[in-house]
Amino acid sequence: GAVVSQHPSWVICKSGTSVKIECRSLDFQATTMFWYRQFPKQSLMLMATSNEGSKATYEQGVEKDKFLINHASLTLSTLTVTSAHPEDSSFYICSARGTTGTYEQYFGPGTRLTVT
Amino acid sequence: LAKTTQPISMDSYEGQEVNITCSHNNIATNDYITWYQQFPSQGPRFIIQGYKTKVTNEVASLFIPADRKSSTLSLPRVSLSDTAVYYCLVGDGRGNTPLVFGKGTRLSVIA
């Protein structure tokens with residue numbers, strides 16, 4: 001079946017530094033990937049839609065200059081949290097849809113970010 | 001995107017059948033209904049998807065009435081490992097349309 005991976009699975013960084021999270025579709029090509037954020041005991045919140053070869057579309061309230069998204073190929077999207085602060089600590093999850101037109105979204109295992 | 005409403009939580013004993021109902025009154029003609037399961041600190045996992053009537057796979061059944069304004073996920077004979085959050089989502093299936101998550105239902109299975 002379709003597999004989406006994320007790297008790293010967890011990361012700790014100091015306040016003010018930047019962190020890059022990778023999302024890869026391992027056995028299929030994904031023209032569109034989505035990035036979600038999830039705080040403890042809460043649901044997933046959509047942050048942005050990442051389209052291969054074009055700019056990402058951000059949801060209202062998400063700072064595009066803080067959360068940089070790059071979808072440079074059909075199998076890789078990256079989310080960079082710039083100048084991270086403790087309030088950015090969260091669980092970041094990506095998902096991908098294939099190019100065959102099926103509706104199922106495949107989710108990555110998530111990345112736990114802790115900013116100290 | 002159609003909004004969904006689910007019970008916040010449910011409890012069940014092992015071996016029982018669990019039915020989780022989701023309300024989606026504003027579902028559009030092109031929308032499909034999809035259920036995901038999420039364990040703590042993991043990404044959501046696809047359970048089942050349907051458009052109308054009944055769909056069954058190896059882990060669950062999905063019942064959708066004719067008006068499609070609600071759906072029921074049925075988990076047969078749950079075990080402790082089914083303790084998770086279950087999300088009901090609706091969407092039109094287009095490639096660039098994201099899934100928007102509601103609050104989900106936290107299912108606790110008790111021995």
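The values are calculated or read from the model by the stated rules, or taken from the named source; none is laboratory data. Bear in mind the structure is a predicted one, so any value in this text is a computation, not a measurement. Note: ideal-geometry Cβ built from the backbone for every residue, glycine included; neighbour counts use all protein chains shown. Note: areas computed on protein heavy atoms with side chains; ligands, DNA, RNA excluded. Shrake-Rupley method; radii C 1.70, N 1.55, O 1.52, S 1.80 Å.
Strands (runs of 3 or more DSSP E) wholly in region A:14-67 with at least 1 residues that are within 19 Å of residue B:89 (Cβ to Cβ) and of a type in the set (A, V, I, L, M, F, W, C) - which ones?
So the answer is A:32-38, A:45-51.
Could you say which residue among A:57, A:114 is open to solvent by 50 Å² or more (accessible area, probe 1.4 Å), within 13 Å of chain B (Cβ to nearest Cβ), on the phi < 0 side of the Ramachandran plot and in contact with a Cys (Cβ under 9 Å, 6 or more places away or on another chain)?
After ruling out the rest, the residue left standing is A:114.
Take the conditions open to solvent by less than 20 Å² (accessible area, probe 1.4 Å), farther than 22 Å from residue B:29 by Cβ, at pLDDT 95 or above and not in a strand (DSSP E or B) and apply them to residue B:85. Does it pass? Break it down stepwise before answering.
Details: open to solvent by less than 20 Å² (accessible area, probe 1.4 Å): yes; farther than 22 Å from residue B:29 by Cβ: yes; at pLDDT 95 or above: yes; not in a strand (DSSP E or B): no.
Taking the combined requirement at face value, the residue does not satisfy it.
Within region B:29-58, track down each residue that is in contact with an Asp or Glu (Cβ under 9 Å, 6 or more places away or on another chain) and either more than 13 Å from chain A (Cβ to nearest Cβ) or over 28 Å from residue A:4 (Cα atoms) (or both). Break it down into steps so the answer makes sense when it comes.
Here is the first cut: in region B:29-58, the residues in contact with an Asp or Glu (Cβ under 9 Å, 6 or more places away or on another chain) are B:29-32, B:34, B:37, B:46, B:49, B:51.
Within region B:29-58, just B:29 meets the criteria.
Condition check: out of contact with any His (no Cβ under 8 Å at 6 or more places or on another chain), over 25 Å from residue A:111 (Cβ atoms) and open to solvent by 70 Å² or more (accessible area, probe 1.4 Å). Does residue B:56 satisfy that?
Spelling it out, residue B:56 is indeed out of contact with any His (no Cβ under 8 Å at 6 or more places or on another chain), over 25 Å from residue A:111 (Cβ atoms) and open to solvent by 70 Å² or more (accessible area, probe 1.4 Å).
Any idea which residue in region A:19-47 is nearest to the other protein chains (Cβ to nearest Cβ), counting only those that are more than 30 Å from residue B:7 (Cβ to Cβ) and open to solvent by less than 30 Å² (accessible area, probe 1.4 Å)? I'd like the intermediate steps shown before the answer.
Initially, region A:19-47 is screened for residues more than 30 Å from residue B:7 (Cβ to Cβ), giving A:19-33.
Checking the rest, the ones that are also open to solvent by less than 30 Å² (accessible area, probe 1.4 Å) come to A:19, A:21, A:23, A:25, A:30, A:32-33.
Working: A:19: 18, A:21: 13, A:23: 10, A:25: 13, A:30: 9, A:32: 5, A:33: 10 Å.
So, considering only residues that are more than 30 Å from residue B:7 (Cβ to Cβ) and open to solvent by less than 30 Å² (accessible area, probe 1.4 Å), the one nearest to the other protein chains (Cβ to nearest Cβ) is A:32.
Out of all the residues in region B:11-27, which are open to solvent by 50 Å² or more (accessible area, probe 1.4 Å) and in contact (Cβ under 8 Å) with a residue 60 or more places away in the chain?
The answer is B:11, B:13, B:14, B:16, B:17.
Of the residues A:52, A:87, which is more than 9 Å from chain B (Cβ to nearest Cβ) and in contact with a His (Cβ under 6 Å, 6 or more places away or on another chain)?
None of the other options fit; the residue is A:52.
Would you check if there is a residue in region A:96-103 being more than 12 Å from the chain's Cα centre (by Cα), more than 14 Å from chain B (Cβ to nearest Cβ) and surrounded by 21 or more Cβ atoms within 10 Å (Cβ to Cβ)?
Within region A:96-103 (the criterion being more than 12 Å from the chain's Cα centre (by Cα), more than 14 Å from chain B (Cβ to nearest Cβ) and surrounded by 21 or more Cβ atoms within 10 Å (Cβ to Cβ)), the answer is no, since none of the residues qualifies.
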